[in-house]
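These notes concern the structure reproduced below.
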Amino acid sequence: MKKLFILGTFLFISSIPMVSCTDDDDKDPNFMPPDIVMGGGDVESEYPEDLPAPGASVMYTPSLNANMYRPISVKYSSAYPPISSWKTENTRIIAYMDGYKPAIKTLKAYQESVNKYGSSTTLPKQAATGRFSNPSSPLTLAPSFAFLSQFKSAKSYNYPGGSDDNAAGLVFYNGWAEWCESYLAGSAFADYLRDPNVLGFFSDNEINFSSNSSRILDRFLAISNSSDPAYVAAKAFMDSKGTQSVTDDLNNEFAGIVAEKYYKAVKEAVKKVDDKLLYLGTRLHGTPKYMEGVVRAAGKYCDVISINYYSRWSPELTTAIADWANWADKPFLVSEFYTKGVEDSDLNNQSGAGYSVPTQNERAYAYQHFTLGLLEAKNCVGWHWFKYQDDDGTDNSSKPANKGLYDNSYQLFPYLSFFARELNFNAYDLIQYFDNITSASISMPLSEEPVSVVKKGFPVPADIMTTSPFSIHSIAFHLL
């Protein structure tokens, strides 16, 4: 499958902070963040001198081709601090990829290689959605909504069985499809319809189609009210199978039925209200993203499958990502991923699904490692880093977390931004590298010479590329 491209818009943030910590006592409640501006510059980026020494050259796995690299070891954990035990994993960064040298090292060179939307001007043009016709707007939007909870409120329904875990069962309640159309045509979407700078939307976030410990079919069958539409649907499904025993296969099939009823109603409403608006799905997470029935249903009606991708150090190129391509027959977008530095952050980091790593350095290496895997995937069209700024604890029960590219005083984390910038500038070039590489072309270790370095406390480029939403047929990055 040829790599899909997306027409993307890129931001450049002007800032040269050398501090990346937060002190609540120093916060100014009236402080406004700096303006986002287009920066200039033709100074080449150089690696910091504390870049870790790599191991011997090996073949990267899991991989779609035979690319070689010299791994560095990075520690990570799924636990919250204090971390009692770390896992260590081989990690790939651009500096130690055999046979690859970044083509773009300056903002000036990057700007010369792309148009104002971040789409390559040197590669063959691909079909696009026809949007992005208003250059006066600085940012392309991809808003997220909560269709299920809004439907419940609008209709004064309760969640099936009284539990929000069963929210997906609302699709069996009266008026679901009609409400989707009226909601899309109403005030909630008024600012987004037929706007050339609105790419698409997410209709919900992380719908619980099942989890490791809770199958959706079991939950619906356990609803005590035998007239509840979710129970009725589950019971009818089991009756049609002639069994009373729920299996994983039956649960997967039923979850697919629920998902299809959900996605079908939303997509049909979109086609009636604004057929150029891309439907970006529901940010599948956890178990649902590995359920064939759910992913097939999403692929049938969504333009892009969105995945909140946690609990994996490396993208699953030869397993899950290959399955998504086969099941959905649509490209996927990683709508959330991040890591948290827990030893050099003054936040307690007691929340969030992203891995804990020791410092900001490991966050930078993890960013490149994960996104290199996504660039290698033929069916990935971009990613959203979660998120732009650290959690300050006000929105997650006083459990602030180091998720951001910026801290809570709007100070840039320079090491992370340096490595993100390097990869993002060279995204198209890296795609070409991965698409063209073969086992014959990389059969022995290359690039053994040391990379160039500068003094510790290296200058942070004034132009840090963050990312933005995309349109099908190009590459996109975005900071939430």
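Some observations on this one:
- Multiplying the residue separation of Thr247 and Lys399 by 0.36 nm and removing their Cα-Cα distance gives an extension gain of 50.9 nm.
- Fewest-first ordering of Glu178, Glu362 by other beta carbons within 10 Å of each residue's beta carbon gives Glu178, Glu362.
- Sites matching trypsin sites (Lys or Arg not before Pro) across region 304-387 that sit in DSSP coil, with at most 16 neighbouring C-beta atoms within 10 Å: Arg312
- Simple spin-label estimate for Gln150 and Val58 in nanometres, 7 Å along Cα-Cβ: 4.8 nm
- Span from the region 347-375 Cα centroid across to the region 141-163 one, whole angstrom: 32 Å
- About its Cα centre, the dipole of region 46-120 is roughly 180 debye, where the only charges are +1 on Lys and Arg Cβ and -1 on Asp and Glu Cβ.
- Net charge of the neighbourhood of Ala265, taken over other residues with C-beta under 15 Å away and scored Lys/Arg +1, Asp/Glu -1, is +3.
- Pairwise Lys count, region 329-432 - Cα closer than 13 Å, eight or more residues apart or different chains: 5
- If only the Cβ of Lys and Arg carry +1 and only the Cβ of Asp and Glu carry -1, the dipole of region 150-294 around its Cα centre is close to 140 debye.
- Ranked list, fewest to most other Cβ atoms within 10 Å of each Cβ, for Glu89, Glu376: Glu89, Glu376
- Note on Ser73 and Asn326: the model spin-label points, each 7 Å out from Cα along the C-beta direction, lie 3.6 nm apart.
- Dipole magnitude (debye, nearest 20) for region 258-311, charges at Cβ of Lys, Arg, Asp, Glu: 60 debye
- Length gained on full extension, Leu141 to Glu268: 43.6 nm, using 0.36 nm per residue less the C-alpha separation.
- Among the GluC sites (Glu not before Pro) found in region 252-318, not one is both in a DSSP coil and sparsely packed, with 14 or fewer other Cβ atoms within 10 Å of its Cβ.
- Ordering Lys289, Lys264 from the fewest to the most neighbouring beta carbons within 10 Å gives Lys264, Lys289.
- Distance between modelled label sites at Asp42 and Ala190, nm, 7 Å Cα→Cβ extension: 5.0 nm
- Partners of Lys101 within straight-line reach, counting aspartates and glutamates whose Cα lies under 20 Å from its Cα and excluding those fewer than 8 residues away in the same chain: Asp42, Glu44, Glu46, Glu49, Asp50, Glu112, Glu376, Glu422, Asp429, Asp435, Glu448, Glu449.
Bear in mind these aren't lab numbers, they're just calculated from the coordinates by the rules spelled out. Just so we're clear, the structure is a prediction, and the values are computed from it rather than from any experiment. Heads up, the Cβs are rebuilt from the backbone with ideal geometry, glycines too, and the neighbour counts pull from every protein chain shown.
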